Amino acid sequence: VQLQASGGGLVQTGGSLRLSCAASGRTFSRYCMGWFRQPPGKEREFVAAINWSGGITYYADSVKGRFTISRDNAKNTVYLQMNSLKPEDTAVYYCAADYSCSYYYTREIEYDYWGQGTQVTVSS
């Protein structure tokens, strides 16, 4: 599986962005998907995850209620809708695919494939 993240950019505080992650291959619907981010000078951290059908989602506490993860298996794409953005959301955002749909969905090591990252910058 190859992943291509897009949709990042510069936005003001309180604004919105929608990230997309397009996957190659016919087995996309078998993977659980996750979004991670790496703020400047910090380690990469979990943001959100979604199961294969889209019926179960998980969020980091820092984004709960503001971000929504979703997927369209017909389009081999997972999305991250980000609303009410804050300067602390500034980071490079990565999508990732987990074939085993691990219980430990917040852990980077559980994911098998990663996209290249897309920059999100929120100005104050």
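The values are calculated or read from the model by the stated rules, or taken from the named source; none is laboratory data. Here the structure is a predicted model, which means the values were calculated and not measured. Counting neighbours? That spans all protein chains shown, and the Cβs are built from the backbone with ideal geometry, glycine included. The area values use the complete protein model at the heavy-atom level, side chains included, leaving out ligands, DNA and RNA. Shrake-Rupley method; radii C 1.70, N 1.55, O 1.52, S 1.80 Å.
Kindly indicate the residue of the stretch 87-124 that is of a type in the set (Phe, Trp, Tyr) and part of a loop (DSSP other than H, G, I, E, B) and also modelled with the highest pLDDT among those meeting that condition.
From the stretch 87-124, those of a type in the set (Phe, Trp, Tyr) are 93-94, 99, 103-105, 111, 113-114; that's our starting set.
Adding the requirement that they be part of a loop (DSSP other than H, G, I, E, B) leaves 99, 103-105, 111.
Working: Tyr99: 92, Tyr103: 84, Tyr104: 86, Tyr105: 92, Tyr111: 96.
Checked the stretch 87-124; the qualifying residue modelled with the highest pLDDT is Tyr111.
Yes/no matrix, rows are residues, columns are (1) farther than 12 Å from Ala48 by Cα; (2) among the charged types (D, E, K, R):
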site: Ile69; (1), (2): no, no
site: Asp72; (1), (2): yes, yes
site: Tyr79; (1), (2): no, no
site: Ser84; (1), (2): yes, no
site: Ala91; (1), (2): yes, no
site: Tyr103; (1), (2): yes, no
site: Arg107; (1), (2): no, yes
site: Thr118; (1), (2): yes, no
* Asked: Do we have Gly54 as under 21 Å from Thr106 (Cα atoms), in contact (Cβ under 8 Å) with a residue 12 or more places away in the chain and outside any strand (DSSP E or B) here?
  -> yes
* Residue by residue through the stretch 84-103, note down the ones that are closer than 26 Å to Val11 by Cβ, among the small types (Gly, Ala, Ser) and either open to solvent by 10 Å² or more (accessible area, probe 1.4 Å) or free of Cβ contacts under 8 Å to residues at least 60 places away in the same chain (or both). => Ser84, Ala91
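So that you can scan it fast, the table gives a plain yes or no per residue for (1) within 11 Å of the chain's Cα centre (by Cα); (2) modelled with pLDDT of 95 or more; (3) among the β-branched types (Val, Ile, Thr); (4) open to solvent by 40 Å² or more (accessible area, probe 1.4 Å):
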site	(1), (2), (3), (4)
Leu3	no, yes, no, no
Leu10	no, yes, no, yes
Gly15	no, yes, no, no
Ser24	no, no, no, yes
Cys32	no, yes, no, no
Trp35	yes, yes, no, no
* Structure fact -> Within the stretch 20-51, residues part of a loop (DSSP other than H, G, I, E, B) and more than 26 Å from Glu88 (Cα to Cα) come out as Ser24, Gly25, Arg26, Thr27, Tyr31, Asn51
* The listed residue being on the phi > 0 side of the Ramachandran plot and either under 12 Å from the mean Cα position of the chain (by Cα) or not in a strand (DSSP E or B) (or both), out of Ser84, Ser70 -> Ser84
